[in-house]
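The values are calculated or read from the model by the stated rules, or taken from the named source; none is laboratory data. Because the structure is a prediction, the values reported are computed rather than measured. Cβ coordinates were reconstructed from backbone atoms using ideal geometry, including for glycine residues, and neighbour counts include every protein chain displayed.
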């Protein structure tokens, strides 16, 4: 028993030391983002500049134009009709063209899109030449080609291209906002607000916490520093001229068909080409935030699959495809993007250390007077610092969630953080498997999750 305890405590000590050092590095990284975010807010406050603006405060567009909406769909028969009907309702009177990507072997989606097109001529279904699924980027490229064809026929060039998904709840004023801001920026990203699915407060709810912190803080800091702004793939508008520039550099297609995260890559390419970017927190005519609201997976397995796809594209394949950058802020942000795999296994090591600590404590209670190895005061201090950093992380996230979803939602941040960590660990493993298979000739396909079109909740603040 004594020898077993010795080696168990030795393993515990090394795990705590390893996790403590790297958690401290991560805490410093996150704290730097917090400080910059607060500094930015203080800077604007001292200058008397309000961060929150309303649509009516913006200068109207100098040259109003056509806004093209791209919605790629595969196996979306359950949500396509509702989503397109909602778009028609909310964008009534706006100057837009909605191109919906479909596949010849997806009959339910084809039928829904065809019905929507008959009731609204601004909705056009575009059938991919290949049966599905391919990749979302491949579907988007077919929509790009159709837009070019229609532009040649009509003699009118679109002003911007907007990306949406089939499960998105769109805002009535977003077309007007794009029409205004795209004259100043090459990429306009709206905040994404996740909707917690009833009955799934942990899995679907953890997206609420993550997107609030990402889109209300991290992306704001990235934009302020001049680093590339990763597009979310929903509620993001690209200037038509920038997409054409990227298309010419990429052989005719602006979206990389070999990528699982074409939206993320496209945002970084815009910045690399000198394009201006912004994350727009603007309120509409009714006072609500102009944002995109979406439901995300409501079960553990689906969430892990989705995040594995994101990790494969951003943390692994993105490393190969986009490389690094000499610009300090850009380099910093790419490190943050690509640390996710390491961070997931660091969390796993921490949980193992925690379980081992619990087992040792129980053993000491049951079998007293056993010898113990020496634990340094430095390790105890390090553990205390990392635990304090965790509490700070929870406090910051809870405050930001409370501002958007209310105090009740903020009380779930702790359990949701644990659930998000467990999902990240499983997703990292699957992402590594996907990447290894890809390196050995595997074909990337649209590994989509099942979507549910959400009810129209009250507007979040």
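Please verify whether residue 380 is farther than 30 Å from residue 301 by Cβ, part of a helix (DSSP H, G or I), outside the structural domain of residue 202 (by TED's automatic domain parsing) and modelled with pLDDT under 95, treating the condition exactly as stated.
yes
Taking region 61-128 and the strands (runs of 3 or more DSSP E) fully enclosed by it, no element has 1 or more residues that are on the phi > 0 side of the Ramachandran plot. Determine whether region 117-131 contains at least one residue that is under 27 Å from residue 258 (Cα atoms) and within 23 Å of the chain's Cα centre (by Cα). Among the residues of region 117-131, not one is under 27 Å from residue 258 (Cα atoms) and within 23 Å of the chain's Cα centre (by Cα), which makes the answer no.
Only one entry of 169, 147, 163, 181 meets the criterion of being more than 21 Å from residue 289 (Cα to Cα) and in contact with a strand residue (DSSP E or B) (Cβ under 6 Å, 6 or more places away or on another chain), and that entry is 147. One residue stands out in region 156-175 among those that are touching a helix residue (DSSP H, G or I) at 6+ places or on another chain (Cβ under 8 Å) and not in a loop (DSSP other than H, G, I, E, B): the one that is surrounded by the most Cβ atoms within 10 Å (Cβ to Cβ), namely 160. Looking at 289, 229, just one residue is more than 22 Å from residue 333 (Cα to Cα) and in contact with a strand residue (DSSP E or B) (Cβ under 7 Å, 6 or more places away or on another chain), and that residue is 289.
When residue 25 is tested against (1) within 25 Å of the chain's Cα centre (by Cα); (2) outside any loop (DSSP other than H, G, I, E, B); (3) in contact (Cβ under 8 Å) with a residue 24 or more places away in the chain, exactly one condition is not met: (3).
Among helices (runs of 4 or more DSSP H) entirely within region 180-290, having at least 3 residues that are within 19 Å of residue 325 (Cα to Cα) and touching a helix residue (DSSP H, G or I) at 6+ places or on another chain (Cβ under 8 Å) singles out 219-225, 262-272. The one condition from (1) outside the structural domain of residue 225 (by TED's automatic domain parsing); (2) in contact with a helix residue (DSSP H, G or I) (Cβ under 9 Å, 6 or more places away or on another chain); (3) surrounded by 12 or more Cβ atoms within 10 Å (Cβ to Cβ) that residue 74 does not meet is (1).
Scan region 56-71 for residues that are under 21 Å from residue 279 (Cβ atoms) and exposed (fewer than 13 other Cβ atoms within 10 Å of the Cβ) and jot them down. Matches in region 56-71: 56, 57, 59.
Based on this model, can you work out whether residue 136 counts as touching a strand residue (DSSP E or B) at 6+ places or on another chain (Cβ under 7 Å) and more than 28 Å from residue 221 (Cβ to Cβ)?
On the way: touching a strand residue (DSSP E or B) at 6+ places or on another chain (Cβ under 7 Å): yes; more than 28 Å from residue 221 (Cβ to Cβ): no.
In short, no.
Could you please let me know if residue 91 is in contact with a strand residue (DSSP E or B) (Cβ under 9 Å, 6 or more places away or on another chain), crowded, with 19+ Cβ neighbours inside 10 Å and farther than 24 Å from residue 255 by Cα? Break it down stepwise before answering.
Values: in contact with a strand residue (DSSP E or B) (Cβ under 9 Å, 6 or more places away or on another chain): yes; crowded, with 19+ Cβ neighbours inside 10 Å: yes; farther than 24 Å from residue 255 by Cα: yes.
Judged against the criteria, residue 91 is a match.
Here residue 367 meets the list (1) in contact with a helix residue (DSSP H, G or I) (Cβ under 9 Å, 6 or more places away or on another chain); (2) assigned by TED's automatic domain parsing to the domain that holds residue 420; (3) without any contact (Cβ under 8 Å) to a residue 60 or more places away in the chain almost entirely, failing just condition (3).
Quick check on my filter: what residues within region 39-55 are loosely packed, with under 12 Cβ neighbours inside 10 Å and part of a helix (DSSP H, G or I)? The answer is 42, 43, 45, 46.
Taking the listed residues 427, 402, the one that is without any contact (Cβ under 8 Å) to a residue 12 or more places away in the chain and touching a helix residue (DSSP H, G or I) at 6+ places or on another chain (Cβ under 7 Å) is 402, with no other qualifying.
Tell me, which residue of region 132-155 that is under 25 Å from the mean Cα position of the chain (by Cα) and not in a helix (DSSP H, G or I) is surrounded by the fewest Cβ atoms within 10 Å (Cβ to Cβ)?
Step one: list which residues in region 132-155 are under 25 Å from the mean Cα position of the chain (by Cα), which gives 132-144.
Filter once more, so that each one left must be not in a helix (DSSP H, G or I): 132-135.
Working: 132: 22, 133: 18, 134: 22, 135: 23.
Step by step, filter region 132-155, then rank; the result is 133.
With respect to (1) buried (at least 23 other Cβ atoms within 10 Å of the Cβ); (2) farther than 25 Å from residue 37 by Cα; (3) modelled with pLDDT of 95 or more, the lone exception for residue 196 is condition (3).
Of the residues in region 220-238, not one is free of Cβ contacts under 8 Å to residues at least 60 places away in the same chain and surrounded by fewer than 17 Cβ atoms within 10 Å (Cβ to Cβ).
Test of understanding: among 415, 454, which residue is within 25 Å of residue 293 (Cβ to Cβ), outside the structural domain of residue 75 (by TED's automatic domain parsing), modelled with pLDDT under 85 and more than 18 Å from the chain's Cα centre (by Cα)? Lay out the reasoning, then the answer.
Numbers: 415 fails: modelled with pLDDT under 85.
Exactly one residue qualifies, and that residue is 454.
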